[in-house]
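As structure tokens, the structure follows; a few thoughts come after it.
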Amino acid sequence: METLIEKQPSVYAFGNKKADGRRDMKNLLGGKGANLAEMSRIGIPVPPGFTITTEVCAQYNEEGKESVINRIEPEVRDAITTIEETMGAIFGDDENPLLISVRSGARVSMPGMMDTVLNLGLNDESIKGIIKMTGNERFAWDSYRRFIQMYSSVVMGLKPESKDDLDPFEEIIDHLKDKRRIDQDTQFTVQDLQDLVYDFKDIVQKRTGKPFPNNPWDQLWGAIAAVFDSWNGDRAIYYRKMNGYPEDWGTAVNVQAMVFGNMGDDSGTGVCFTRDAGTGENVFNGEYLINAQGEDVVAGVRTPQQITFLGSQRWAKLAQVEEEERKESYPSLEELMPDIYKELFEYQNKLETHYQDMQDMEFTIQQGKLWILQTRNGKRTGAAMVKIGMDLLKEGLIDEKTALMRIEPNKLNELLHPIFDLDALQEANVIAQGLPASPGAATGQIVFFADEADKFKYSILVRVETSPEDVEGMNIARGIVTARGGMTSHAAVVARGMGKCCVSGAGALKINYKTRTLKVGDHEYHEGDWISINGSTGNILEGKVATKEPVLSGEFAELMELSDNYATMEVRTNADTPKDALIARNFGAKGIGLTRTEHMFFEVDRIKAMREMILADTIKGRKQALKELLPMQRNDFEGIFRAMEGHPVTVRLLDPPLHEFVPHQLATQKELAEELHISLAAVKGKVAELEEFNPMMGHRGCRLGNTYPEITEMQTQAILEAALKVKKEGLTVKPEIMVPLVGTVEEFNQQKAIIDAMAQEVFKKRKDTVEYSVGTMMETPRATLIADKIAENADFFSFGTNDLTQMTFGYSRDDSGKFLPIYLEKGILKHDPFEVLDQEGVGQLVEMGTQLGRKTKSDLKIGICGEHGGEPNSVAFCQKVGMNYVSCSPFRVPIARVAAAQAAIS
Ligand code: PEP
Ligand code: MG
């Protein structure tokens with residue numbers, strides 16, 4: 001019997017207010033394809049077309065070009081016929097030709113990462129039809145030469161061969177301009193453009209050994225294959241890695257009828273945003289160019305004009321353009337084409353309401369008719385992400401949970417970055433003014449090439465304009481400056497996506513790549529010179545300008561409050577000083593999850609007493625040195641208890657290998673010998689004695705407190721005396737004493753006995769008591785295996801996932817830098833396990849330790865204080881296993897608060 005398996009289509013059509021696809025089909029149709037279908041469905045005028053699915057891309061990668069094209073050919077031919085019917089034009093016809101565009105479109109937008117071909121279908125015959133249809137010979141030949149240029153570069157690989165090599169087509173263009181003594185593309189005559197077409201075809205034949213394809217179907221299959229191939233191009237691979245997108249997603253291919261923005265003065269093209277992508281302000285904004293194609297706006301060659309009147313005025317002020325000149329040379333679309341503007345305004349409203357998020361749209365006006373080419377959720381800065389989310393919530397477009405789930409916690413980092421100090425800014429010398437393309441403050445040394453961005457520790461990448469090849473370097477640089485391009489130029493869009501400070505379109509900069517110099521007026525700057533840029537105002541400043549910490553209020557504060565309403569886990573901080581504790585409190589930490597006491601001993605005035613303690617040969621000698629340390633420790637704890645104002649504070653007993661405290665250089669060894677009145681040989685002997693082959697697994701953690709109980713005694717005394725003192729001042733104190741690196745029950749129990757005995761002594765002497773708890777870190781695999789037994793005596797557990805990761809993988813925390821990058825590169829590991837908790841392996845131990853602990857004590861308090869406590873994915877895992885709190889460094893507290901809320905919601 002024949003089974004009928006329904007075949008999944010390879011091609012989904014859209015246009016004419018109908019569509020086969022929908023917005024929720026992003027995985028299959030890519031973001032762009034799904035949105036084109038959805039727009040068409042809700043009545044937005046999109047040029048008709050079709051999407052070849054991402055599944056075909058996967059088949060293409062597996063089976064190769066030939067077999068896939070054979071299979072999809074009938075569907076593609078049908079779909080082309082549908083476009084022909086809608087547009088009333090025929091693909092490849094010499095009377096009435098249909099021209100199409102071919103674009104990539106992955107599940108998420110990857111701007112500029114993959115290739116696009118426009119004007120496909122032009123050849124020596126169809127050009128005649130275009131001339132006849134438009135009556136515009138110049139336009140037709142200009143489109144043809146652009147098509148050959150683009151197709152040859154994208155599909156046939158005809159590109160500059162090295163960084164100082166010129167684009168072969170630009171070289172021909174420049175040569176012709178020189179010959180004709182002109183400097184603008186627009187000055188070319190029809191004859192010039194025809195000459196360009198023939199010269200272009202010649203160079204294609206010469207360089208590739210193949211003729212430029214004349215048959216439109218050959219052109220189409222070539223372009224489709226090139227889009228699929230671009231998924232595995234260097235740019236796309238790098239972008240995927242940077243963003244953690246899997247390789248098997250693939251890209252869809254969108255084939256669509258061309259509409260032309262370059263058909264004369266009643267045509268144009270532009271990019272617009274429903275809200276400000278830099279600040280999040282609720283203002284419609286964007287840029288356009290009359291008589292141009294889309295790439296002219298993003299390429300940054302011509303100065304784009306603003307869409308709204310208000311935007312145009314703002315721009316003119318920044319660009320120092322007088323109102324007269326603005327009105328004359330750079331009018332807004334609102335002024336120039338009020339009806340089109342009104343229509344566009346309505347569509348942007350409709351689309352934002354429909355998608356319930358800020359939209360980034362592309363449009364074209366062809367001889368007075370508006371077409372929307374694409375819409376997508378706009379990339380935005382961290383600040384805009386917060387403002388837009390909270391505004392949409394207030395406007396009732398989304399609910400609280402949606403607002404929270406839309407936040408990318410790690411992007412909040414941008415808001416926590418420094419801003420320029422206002423006084424320093426006033427003193428600073430402004431070199432030039434550009435557009436405020438991506439907010440923030442950055443200071444660094446000038447580099448001119450993206451692949452040299454790592455030449456200096458802090459670099460500012462200065463380019464005429466940027467291109468997708470520059471993305472890696474843009475990510476490394478502290479900030480980006482371009483001399484050309486508007487707010488929607490490549491540099492601006494990519495920088496905003498990265499949250500990187502950027503000033504674009506600083507026209508006064510004369511950049512010379514050959515001499516690696518930058519000239520502004522008479523002043524020349526060289527590679528390596530320091531400059532500062534203000535991405536919020538567009539100022540470029542001379543030298544290093546001081547920065548300061550940002551103030552977090554407004555929408556940010558609202559977001560934090562909203563997070564706390566949903567989060568069920570508390571967020572604590574890892575802080576060793578009152579200063580850090582205060583920073584974390586300001587960020588909303590609800591306690592300290594880890595105070596590493598050893599850091600307190602490294603200060604100059606203490607290290608001596610510490611060394612004395614370590615070098616002592618007798619208990620008496622050791623106790624004497626510890627006595628000196630006691631008041632200092634007590635003082636530290638008092639400060640921390642005060643800063644935390646009644647929130648719990650977990651203090652961990654001394655943890656690191658002792659040899660970290662002794663001097664290893666001869667000069668300092670001599671000094672120490674003199675100070676302690678002992679021989680140099682004695683010092684050297686002790687240092688040698690403390691030397692360990694594997695210090696991370698050596699004499700550290702509770703092994704110190706168990707071999708030298710007087711250390712635990714002194715620290716307990718300091719903690720509890722400090723607590724009593726602060727309690728006397730009228731504050732609530734909740735000390736929690738934590739024993740590190742426990743692996744056996746006895747290791748913990750004996751430490752606890754020492755702590756409890758010392759507590760009784762302190763309480764008796766001070767005639768006062770304070771409630772305290774004693775818990776342990778869970779950071780050796782063995783501890784997690786016997787957690788039920790440890791829990792019998794422990795009041796709390798805190799997972800030290802730094803050590804737990806080290807010991808579970810057997811990767812040294814100190815040495816893994818040598819091989820982890822290679823492991824990541826080779827895909828042996830997906831993430832650095834010291835950054836993102838390895839849920840599969842280490843996670844099992846965390847889960848087991850939690851369950852065993854709670855088996856003994858159902859209300860056992862459990863948290864995490866390893867670096868993972870501030871990493872959103874790991875925070876979600878902590879929620880899943882049922883922890884009470886996460887603890888992270890002060891600057892990650894806001895990130896963890898949002899991550900905790902998201903974990904609770906999902
Ligand atoms: C840990 O091991 O996860 C931890 C928090 O302790 P430290 O990093 O100080 O070893
Ligand atoms: Mg540890």
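The values are calculated or read from the model by the stated rules, or taken from the named source; none is laboratory data. No experiment lies behind these values; they were computed from the predicted model shown. Glycine also receives a Cβ, built like all others from the backbone with ideal geometry; neighbour counts cover every protein chain displayed. These accessible areas exclude ligands, DNA and RNA; they are computed on the full protein's heavy atoms, side chains included. Shrake-Rupley method; radii C 1.70, N 1.55, O 1.52, S 1.80 Å.
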Next item on the list: Please enumerate the residues belonging to segment 747-763 that are more than 16 Å from ligand 2 (Cβ to nearest atom) and closer than 14 Å to G701 by Cβ.
Entry: Q750
Margin query: Return the residues of segment 357-393 that are over 20 Å from the mean Cα position of the chain (by Cα) and either within 18 Å of V898 (Cβ to Cβ) or among the hydrophobic types (A, V, I, L, M, F, W, C) (or both); say none if nothing qualifies.
Written below: M361, F363, I365, L370, W371, I372, L373, M390, D391, L392, L393
Item checked: Odd one out for P168 among (1) open to solvent by 40 Å² or more (accessible area, probe 1.4 Å); (2) at pLDDT below 95 -> (1)
Margin query: Among the residues of segment 660-675, what is the count of those that are more than 16 Å from ligand 1 (Cβ to nearest atom) and either at pLDDT 95 or above or open to solvent by 10 Å² or more (accessible area, probe 1.4 Å) (or both)?
Written below: 10
Note to self: Taking the condition of being within 16 Å of ligand 2 (Cβ to nearest atom), outside any helix (DSSP H, G or I) and over 16 Å from D838 (Cα atoms), how many residues in segment 771-795 meet it?
What the structure shows: 3
Check: If we only count helices (runs of 4 or more DSSP H) wholly inside segment 370-470, which ones have 1 or more residues that are modelled with pLDDT under 85?
Finding: 422-427
Checklist line | Residue that is most open to solvent (accessible area, probe 1.4 Å) [pool: residues in segment 717-762 that are β-branched (V, I, T) and in contact (Cβ under 8 Å) with a residue 60 or more places away in the chain] | finding: T732
Notebook entry, point to check: If a residue has to be open to solvent by 50 Å² or more (accessible area, probe 1.4 Å), more than 13 Å from ligand 2 (Cβ to nearest atom) and farther than 16 Å from R813 by Cα to count, how many in segment 689-705 make the cut?
Noted result: 3
Next item on the list: Search segment 601-625 for residues being aliphatic (A, V, I, L, M) and open to solvent by less than 10 Å² (accessible area, probe 1.4 Å), and hand back the single one that is nearest to E721 (Cα to Cα).
Entry: A625
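Test of understanding: among L176, L98, L122, which residue is within 23 Å of P211 (Cα to Cα), among the aliphatic types (A, V, I, L, M), open to solvent by less than 40 Å² (accessible area, probe 1.4 Å) and touching a strand residue (DSSP E or B) at 6+ places or on another chain (Cβ under 6 Å)? Before the answer, list the steps.
Details: L176 fails: touching a strand residue (DSSP E or B) at 6+ places or on another chain (Cβ under 6 Å); L122 fails: touching a strand residue (DSSP E or B) at 6+ places or on another chain (Cβ under 6 Å).
It is L98.
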Next item on the list: Determine whether segment 62-76 contains at least one residue that is at pLDDT 95 or above, within 22 Å of L373 (Cα to Cα) and either touching a Lys or Arg at 6+ places or on another chain (Cβ under 7 Å) or assigned to a helix (DSSP H, G or I) (or both).
Entry: yes
Item checked: All strands (runs of 3 or more DSSP E) inside segment 480-549 with 1 or more residues being modelled with pLDDT under 90 and closer than 19 Å to I431 by Cα -> 501-504
Check: Going by the structure shown, is T784 more than 25 Å from K734 (Cα to Cα), within 16 Å of ligand 1 (Cβ to nearest atom) and at pLDDT 95 or above?
Finding: yes
Check: Of the residues F637, F587, F602, which single one is of a type in the set (A, V, I, L, M, F, W, C) and either within 30 Å of P439 (Cβ to Cβ) or touching a Pro at 6+ places or on another chain (Cβ under 7 Å) (or both)?
Finding: F587
Check: What single numbered condition from (1) of a type in the set (D, E, K, R); (2) surrounded by 20 or more Cβ atoms within 10 Å (Cβ to Cβ); (3) without any contact (Cβ under 8 Å) to a residue 40 or more places away in the chain fails to hold for K686?
Finding: (3)
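Could you pull out every one of the strands (runs of 3 or more DSSP E) wholly within segment 567-659 that has 1 or more residues that are closer than 30 Å to K401 by Cα, out of contact with any helix residue (DSSP H, G or I) (no Cβ under 7 Å at 6 or more places or on another chain) and more than 16 Å from ligand 2 (Cβ to nearest atom)?
Values: elements: 570-574, 592-596, 648-652.
Filter on segment 567-659 gives 570-574, 648-652.
Can you tell me which residue is surrounded by the most Cβ atoms within 10 Å (Cβ to Cβ) among those in segment 4-57 that are among the polar types (S, T, N, Q) and not in a helix (DSSP H, G or I)?
Quick first cut of segment 4-57, residues among the polar types (S, T, N, Q) only: 8, 10, 16, 27, 35, 40, 51, 53-54.
Applying the additional criterion that residues be not in a helix (DSSP H, G or I) yields 8, 10, 16, 51, 53.
Working: Q8: 8, S10: 20, N16: 15, T51: 31, T53: 24.
By that ranking, first place goes to T51.
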